[in-house]
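To keep things clear, I will list the structure first and then write my remarks on it.
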Amino acid sequence: MRTVSWWNEFEQNCERFDAASVAEALADVIIPRIPSLLLRREAQTAADTLLRHLNRPASPAAAEAAALATVRLAATVARLDERALGNDAGTTEVSALCHVMQGEYALAAVTIAPITGTAPLLKAFVSALRLDSFGADLALRLLTGGNPPAVAVRAGEKLGRYNWWPAWLREIVTERVLAGTLCGDTIAALKQCAFAGLTPTQARMAKRLFAAEPTLVETTASRLESLGEHPAAALLRRGDVRTVAFAARLIPV
């Protein structure tokens, strides 16, 4: 079970955390699960009022309307809880939305997670990080792989800048990040490949060289030696990824 402090790591580690995005995404997850149609309509009205405020934070009128909507929704939940005959008043979903209205997004996630599961909530929080598509996908992969939000946020922000790289390079980044083997030398080598203008055939060979396929490494190293590139051949045999772009460009198209 993920705790409030776990969910809070998203906002704590992202300077650009977008409250409007996470509020809207959480509302979209929560509201359809409210059993009562009338309560669902009231919740939707409250959420719409909140979003108008978050998207226009400088408007005093929007802020006042959002505050009133929050009070009204909380009062509705309290009234239903008082009238409930058993332990379950059927207000869990609306209570979660109240937390969203109050800006307590982590508490909202903890409240609603037993009903929705964590997958849609992770997507909601990642949407608030304002990452490029590659960074967002990478962050989600890290989170679903068991990494804490702090790690996922930093990786998404740092590596999301390579969104323009070809898909095969992004695949290598993702694989190595998930395996915990991405290092500075690999990033430098991948950058060289990104700027090398490799043909599709050369790119396929480069990907296999990054994977250190023994037969291909030896064949490529031998070719480098035949061209007089003995230092590069030696580095390639030792697994130095910084030679991959150079070696790949010498592969006949």
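Here are a few things to note about the model shown:
- Within a straight-line Cα-Cα reach of under 22 Å, Lys123 can be paired with the following lysines, leaving aside sequence neighbours fewer than 8 residues apart in one chain: Lys158.
- With both labels modelled 7 Å from their Cα along Cα-to-Cβ, the Thr215 to Asn163 distance reads 4.0 nm.
- Using a simple spin-label model with pseudo-atoms 7 Å out from Cα toward Cβ, Gln12 and Arg79 lie 3.8 nm apart.
- Proximal aspartates and glutamates relative to Lys191, as straight alpha-carbon distance under 15 Å, when same-chain residues fewer than 8 apart are discounted: Glu171, Asp240
- Taking the square roots of 5 times each eigenvalue of the Cα gyration tensor of the chain, largest first, gives ellipsoid semi-axes of 53, 17, 13 Å.
- As a rough footprinting exposure proxy, the listed residues Met1, Met101, Met205 were ranked by other beta carbons within 10 Å of their own, and the order from fewest upward is Met1, Met205, Met101.
- Taking a quarter of the surface of the Cα convex hull of the stretch 165-249 gives a mean projected area of 5.1 nm².
- Percentage of interatomic Cα-Cα distances in the stretch 4-130 larger than 21 Å: 37
Readers should treat all values here as calculations from the given coordinates under stated rules, not as data from a laboratory. Just so it is clear, the structure is predicted and the values come from calculations on it, not from any experiment. Ideal geometry is used to build each Cβ from the backbone, glycine not excepted, and the neighbour counts take in all protein chains shown.
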